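S.K.: Take a look at this one; I'll ask things after.
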Amino acid sequence: MIKNFCLKTKRLEILPQSLDYLDSTHAYASDRENMRFMIFLPNDSIDETVNFLLGAEAQWKSEKPSDLECAIFCKGEHVGGINLELLDDGSAEIGWCLAKSAQGNGYAVEAARALIEWAVKSLGIKKFIAHCDSENIPSWKTMEKLGMKRVSCYGDRYNKLNPMEERQEFLYELLSTAASWYCK
């Protein structure tokens, strides 16, 4: 169990996702246009968001969580989410989504850097991966700002809004030792 998790950056606060943030999470997670490149989003109902948040809370309370869903706040406003999934090989997958109103401010980069630094120091993670739809330019640009390198592009991606349309997916990778912004 990870107790008292809270990351603070210059502008952001990152907290465990919970039902306390149901309305604000559902607002961005159900935005069909904003979530068009996502595999599991948009949420079609409030029940989907409730189930997601209940699962997130259960992970945070478990003895050995493997899927850390976090809420991102800026000046007290819930502006998005960021996730760290701990993989069996000792690496971690990171991903994020922001409310449309919060995009273009560098929040995803700032939150990801904080979460990566925490994961390196607290969990000993040395390798991070991230995936995105090849047309999700803001997402892969965020990965590149983090110092992640594109290691592959392949098909077999199906986004929730178009489950019959095969898409291309980028895979990015970051070794903590290669992150120029990360100081040990």
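S.K.: Chymotrypsin sites (Phe, Trp or Tyr not before Pro) within the range 127-159: which are DSSP loop residues with at most 16 other Cβ atoms inside 10 Å? Intermediate values should be presented prior to the final figure.
M.R.: Values: sites: 128, 140, 154, 158; in loops: 158.
Filter output for the range 127-159: 158.
S.K.: Working with all protein chains in place, sort 79, 50, 151 by solvent-accessible area computed with a 1.4 Å probe, largest first. Please report the intermediate quantities before stating the final value.
M.R.: Working: 79 5, 50 40, 151 75 Å².
Listed by decreasing accessible area, they come as 151, 50, 79.
S.K.: Stokes-Einstein D for the range 38-184 at 20 °C, 1.002 mPa s, Kirkwood Rh over Cα pairs, in µm²/s?
M.R.: On the way: Rh = 16.2 Å.
Result for D is 132 µm²/s.
S.K.: Here is a further query. With +1 assigned to the C-beta of every Lys and Arg and -1 to the C-beta of every Asp and Glu, and no other charges, what is the dipole magnitude of the chain about the Cα centre in debye, to the nearest 20?
M.R.: Numbers: 22 positive and 27 negative charges, 203 e Å.
Dipole about the Cα centre, nearest 20: 980 debye.
S.K.: While we're looking at this one, here's another question. Cα-Cα pairs above 15 Å in the range 81-139: how many percent?
M.R.: On the way: 865 of 1711 pairs.
Across the range 81-139, Cα pairs with separations above 15 Å total 51 percent.
S.K.: Work through the residues other than residue 56 whose Cβ is under 9 Å from its Cβ and net out their charges, Lys, Arg +1 and Asp, Glu -1.
M.R.: On the way: positive: none; negative: 57, 67, 69.
Value of the local net charge: -3.
S.K.: I've got another one for you. Given a cut-off of under 8 Å on Cα pairs at least six residues apart, what relative contact order in percent is computed for the chain?
M.R.: Working: 331 pairs, mean separation 36.8, N = 184.
Relative contact order here is 20 percent.
S.K.: Let me ask something else. Give me the percent of the accessible area of the range 1-137 that comes from carbon and sulfur atoms, probe 1.4 Å, all protein chains in place.
M.R.: Numbers: 3430 of 6880 Å².
Heavy-atom surface of the range 1-137 belonging to carbon and sulfur, 1.4 Å probe: 50 percent.
S.K.: If you don't mind, there's one more thing I want to ask. Keeping all protein chains in place, calculate the accessible area per residue for the chain (probe 1.4 angstrom), answer in Å². Don't jump to the answer; show the numbers that get you there.
M.R.: Numbers: 9750 Å² over 184 residues.
Per residue, the chain has an accessible area of 53 Å².
S.K.: Also, I was wondering about something else. Under 16 Å from the Cα of residue 145, which aspartates and glutamates turn up, not counting those fewer than eight places away in the same chain?
M.R.: 110, 117, 173
The values are calculated or read from the model by the stated rules, or taken from the named source; none is laboratory data. Source: prediction; values computed, not measured. Cβ coordinates were reconstructed from backbone atoms using ideal geometry, including for glycine residues, and neighbour counts include every protein chain displayed. Calculation scope for accessible area: heavy atoms of the full protein, side chains included, ligands and nucleic acids excluded. Shrake-Rupley method; radii C 1.70, N 1.55, O 1.52, S 1.80 Å.
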